[in-house]
Amino acid sequence: MVSVRPETTDQARLVTLLRDDGPRSRVELGDVLGLPRARLAAEVERLVEAGLVEAAGPAASRGGRRSSLLRLGRGVRFAGVVVGTRDLVVTVTDGELTPLAELREPVDVRQGPEPVVRRAVELIAKLRAELGLGRLTGVGVALPGPVDVREGMPISPPLLPGWHRFPVRDTIAAELGTPTLVDDDANVGALGERHAGVGRTFDDFLYLRLGAAVGCGLVLGGGLHRGATGSAGDIAHLRLTEDGPTCVCGEVGCLQAYCGDSGLIGAALAAADAGRSPALAARFDEAGTLTVADLAAAAGAGDPAAHGVVREAGRRLGQVLVGLVSFVNPAIVIIGGAPAGLGHALLAEVRALVYRRSAPLATGTMSIVLSDLNERATVVGAARLISDHAFTAG
Ligand SMILES: [Zn+2]
């Protein structure tokens with residue numbers, strides 16, 4: 001498999017263009033990159049020799065000499081690993097980041113990092129065998145918590161007990177002998193939206209990620225903005241109230257304690273316990289516990305208390321978003337990871353509050369939408385994360 005990197009910035013621009021736009025003719029590539037024909041031919045030749053690019057047959061004629069199509073080499077293969085609080089997902093993609101095969105299985109992240117990382121490596125090996133692949137071009141990893149990208153490890157992740165400073169990147173890179181990068185799932189999801197989702201057409205957007213962990217990925221000027229130490233967009237534990245629900249971090253009133261999965265379940269349990277929701281109480285008596293899906297079902301069936309929990313979560317999210325929107329001025333806000341059945345109710349609350357409380361200049365043309373990629377955003381984003389590295393001139 002191909003594990004070399006482009007040698008020059010022109011080669012890097014060329015493979016990035018083929019990754020993002022698919023096969024292109026030599027003539028188009030020359031036009032887009034502004035390279036003279038001889039120079040382009042030389043750069044393409046080097047990339048073909050390295051296996052990064054290959055011919056893909058003749059291009060449609062534009063009159064005159066027929067041009068040939070080029071695409072990324074068949075040996076360019078990335079793996080994306082998404083560690084969730086419940087599931088582990090491993091995907092192998094081609095050079096254009098289209099998933100070729102995927103494995104998903106339940107995971108218990110509270111066992112600590114070693115068994116989870118070992119399992120991820122095993123699943124990658126399984127996919128490689130299935131697809132008949134040798135060494136991969138690179139591996140991207142998404143974790144549900146703060147990550148020091150330069151060190152390649154999580155830093156005090158509240159949802160990953162025992163993972164603090166575990167060298168996730170170096171362990172996987174050593175096991176597989178391939179370049180590896182690790183980032184938090186909000187940043188990775190934003191990269192996925194940028195590559196294959198609504199974010200493709202926007203250079204400045206916010207990707208708000210819900211689920212077990214709440215976070216925000218910022219794409220500014222076309223690229224991911226990580227901040228000085230990589231914690232930009234880490235909004236999970238912004239404190240919204242002094243007397244709110246208890247959070248997994250030990251504080252009270254955090255955004256995640258209202259909008260994260262366990263916050264929603266906690267509020268649903270409280271409603272059932274206080275006799276405010278017959279639907280949730282009945283479900284609790286039946287199952288001995290409540291899930292986000294139960295809350296969605298009760299809210300969907302018109303249970304006022306369940307609907308109240310969702311509205312409160314939407315209002316808290318909107319409250320934070322008003323600040324973010326006025327500060328960042330995004331062209332669009334994409335909400336990903338919303339629990340099935342709750343997305344539209346949450347979105348309605350968020351929209352109402354943000355449009356009411358924001359300056360017209362900031363939100364006049366800004367839309368707030370649900371992700372149409374859902375979980376595929378992180379899978380594709382993980383491959384995008386490492387491909388950005390692999391396609392930089394080395
Ligand atoms: Zn917290």
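All of the numbers you see were taken from the coordinates with simple rules; none came from a lab. Predicted, not measured: the structure shown is a model, and the values here were computed from it. A quick note on method: Cβ atoms are made from the backbone with ideal geometry, for glycine too, and the neighbour counts reach across all protein chains shown.
Just how many % of Cα pairs in the stretch 162-282 lie over 23 Å apart, if you round to the nearest whole percent? Don't skip to the end; give the middle numbers.
Details: 3566 of 7260 pairs.
Cα-Cα pairs in the stretch 162-282 separated by more than 23 Å: 49 percent.
Compute the acute angle (0 to 90°) between the alpha-carbon long axis of helix 278-287 and the principal axis of greatest extent of the alpha-carbon atoms of the chain; round to the nearest 10°.
70
Report, in deg cm²/dmol and to the nearest 500, the calculated mean residue ellipticity at 222 nm for the chain, where each DSSP H run with n ≥ 4 adds -39500 (n - 2.57) and the sum is divided by the residue count. Walk me through the numbers before you get to the answer.
On the way: 14 runs with 171 residues, N = 394.
Value at 222 nm, helices only, nearest 500: -13500 deg cm²/dmol.
Report the GluC sites (Glu not before Pro) located in the stretch 153-254 that are in a DSSP loop and have at most 11 other Cβ atoms inside 10 Å of their Cβ, or state none.
Glu242
Above 25 angstrom, tally the Cα pairs of the stretch 245-361 and express them as a % of all pairs, no decimals.
So the portion of pairs separated by more than 25 Å is 25 percent.
With springs only between Cα atoms under 10 Å apart, run a GNM on the chain and tell me which of Gly138, Gly318, Gly177 wobbles the most.
Sorting by GNM fluctuation, first place goes to Gly177.
Report, in degrees rounded to the nearest 10, the 0 to 90 angle that the Cα long axis of helix 185-196 makes with the longest principal axis of the chain.
On a 0 to 90 degree scale, this one is about 50.
For the chain, set up a GNM with springs between Cα atoms under 10 Å and report which of Ala174, Ala293, Ala60 has the largest fluctuation.
Of the options given, Ala60 has the highest mean-square fluctuation.
Quote the Stokes-Einstein diffusion coefficient, in whole µm² s⁻¹, for the stretch 183-223, based on the Kirkwood radius over alpha carbon pairs, a temperature of 20 °C and a viscosity of 1.002 mPa s. List each step's numbers first, then the result.
Values: Rh = 9.9 Å.
Answer from the Stokes-Einstein relation: 216 µm²/s.
Which residue, Ala257, Ala79, Ala55, has the most motion in a Gaussian network model of the chain that connects Cα atoms within less than 10 Å?
Ala55
Using the Karplus curve 6.51 cos²θ - 1.76 cosθ + 1.60 with θ = phi - 60°, work out ³J(HN,Hα) for each residue of the stretch 294-307 in order, rounded to whole Hz, and write x for Gly and Pro.
After applying 6.51 cos²θ - 1.76 cosθ + 1.60, I find 5, 4, 4, 5, 5, 5, x, 7, x, 5, x, 5, 4, 5 Hz.
Given H placed 1.01 Å from N in the peptide plane, which residues other than close sequence neighbours of Ala338 have an amide H under 5 Å from its amide H?
Those qualifying (amide H under 5 Å, at least 5 residues apart or on another chain) are Leu210.
Take Asp285 and Ser231, extend 7 Å from each Cα along the Cα→Cβ direction, and tell me the distance between the two endpoints in nm.
Taking the two extended label points, one gets 4.7 nm.
Pulled fully out, how much extra length does the chain show between His164 and Phe327, if you take 0.36 nm times their separation in residues and subtract their Cα-Cα distance? Please report the intermediate quantities before stating the final value.
Details: separation 163, 0.36 × 163 = 58.68 nm, distance 3.08 nm.
Value of the extension gain: 55.6 nm.
Hey, what's the per residue convex hull volume over the C-alpha atoms of the stretch 45-181, in cubic angstrom?
Numbers: hull volume 18.0 nm³, N = 137.
Taking only Cα atoms, the stretch 45-181 has a hull volume of 132 Å³ per residue.
Quick check: the distance between the Cα centres of the stretch 292-339 and the stretch 94-155, to the nearest angstrom?
30
Can you give me the angle between helix 261-273 and the longest principal axis of the chain, using Cα atoms only, in degrees from 0 to 90, rounded to the nearest 10?
Orientation of helix 261-273: about 20 degrees from the principal axis.
Taking the inverse of the average 1/r across all pairs of different Cα atoms in the chain, what Kirkwood radius in Å do you get?
22.3
Pulled fully out, how much extra length does the chain show between Arg46 and Thr9, if you take 0.36 nm times their separation in residues and subtract their Cα-Cα distance?
Values: separation 37, 0.36 × 37 = 13.32 nm, distance 1.29 nm.
Gain in length upon complete extension: 12.0 nm.
With no solvent and one point on each alpha carbon, what is the Debye value of log10 I(q)/I(0) for the stretch 9-123 at q = 0.10, 0.13 Å⁻¹?
-0.44, -0.61
Based on the Cβ-Cβ distance of Ala56 and Asp372, what FRET efficiency does E = 1/(1 + (r/R0)^6) give at R0 = 30 Å, to the nearest 0.05? Could you put the intermediate results ahead of the total?
On the way: r = 28 Å, r/R0 = 0.95.
Computed FRET efficiency for Ala56 and Asp372: 0.60.
Would you tally the net charge around Phe284, using a Cβ to Cβ cut-off of less than 10 Å, leaving Phe284 out, and scoring K and R as +1, D and E as -1? Please list the in-between numbers first.
Values: positive: Arg283; negative: Asp273, Asp285, Glu286, Asp294.
For residues surrounding Phe284, the net value is -3.
Find how much the distance from Glu105 to Thr241 grows on full extension, using 0.36 nm per residue of separation minus their present alpha carbon separation; answer in nm with one decimal.
Working: separation 136, 0.36 × 136 = 48.96 nm, distance 3.70 nm.
Separation in residues times 0.36 nm, less the Cα-Cα distance, equals 45.3 nm.
Could you point to the residue in Ala340, Ala274, Leu206 farthest towards the positive end of the chain's charge dipole, with +1 and -1 charges on the Cβ of Lys/Arg and Asp/Glu respectively?
Value computed over the given set: Leu206.
Hey, got the Cα dimensions of the stretch 265-310 along the principal axes, in Å, largest first?
21, 19, 16
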